[in-house]
Amino acid sequence: MTTTVIYPVGIQLHAAALNDQGAAAAWDDLNGALLQGLRVKLGQIADKGVLAPRWTVDRAAEFVWTMVHPATWRLLVVECGWRVEEFRHSRREKVYRMLFAPDLAVL
């Protein structure tokens, strides 16, 4: 599924979670599944010695999650007019630079 299909559902669920317990539970489940998946993948990367030493697997997963969050998509693609490919490239570039560059200063 592409991000353009997922975005409307994700952003509506996120908004509904503010006032609806069922939506909040679904949002929490979705976030939990995404974070767990990121932790597994980043754990595999860390096991290979590729993850920069300043990152824990948990913090790296949280960082990546914020980079692809529906609110981030909305701000850059919908409100600022970024092209979808521009968004994807910028996320990949930032994640690679932050997570895999051992000498990069933490901002």
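The values are calculated or read from the model by the stated rules, or taken from the named source; none is laboratory data. No experiment lies behind these values; they were computed from the predicted model shown. As a convention, Cβ positions derive from the backbone with ideal geometry for all residues, glycine included, and neighbour counts pool all protein chains shown. SASA here: full protein model, heavy atoms, side chains in, ligands and nucleic acids out. Shrake-Rupley method; radii C 1.70, N 1.55, O 1.52, S 1.80 Å.
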Does region 19-29 contain at least one residue that is of a type in the set (Asp, Glu), surrounded by 12 or more Cβ atoms within 10 Å (Cβ to Cβ) and at pLDDT 95 or above?
-> no
Scanning region 40-73 for residues that are touching a helix residue (DSSP H, G or I) at 6+ places or on another chain (Cβ under 7 Å) and open to solvent by 70 Å² or more (accessible area, probe 1.4 Å) gives 50, 58, 68
Please work out if residue 82 is aromatic (Phe, Trp, Tyr), touching a residue at least 24 places away in the same chain (Cβ under 8 Å) and not in a helix (DSSP H, G or I).
-> no
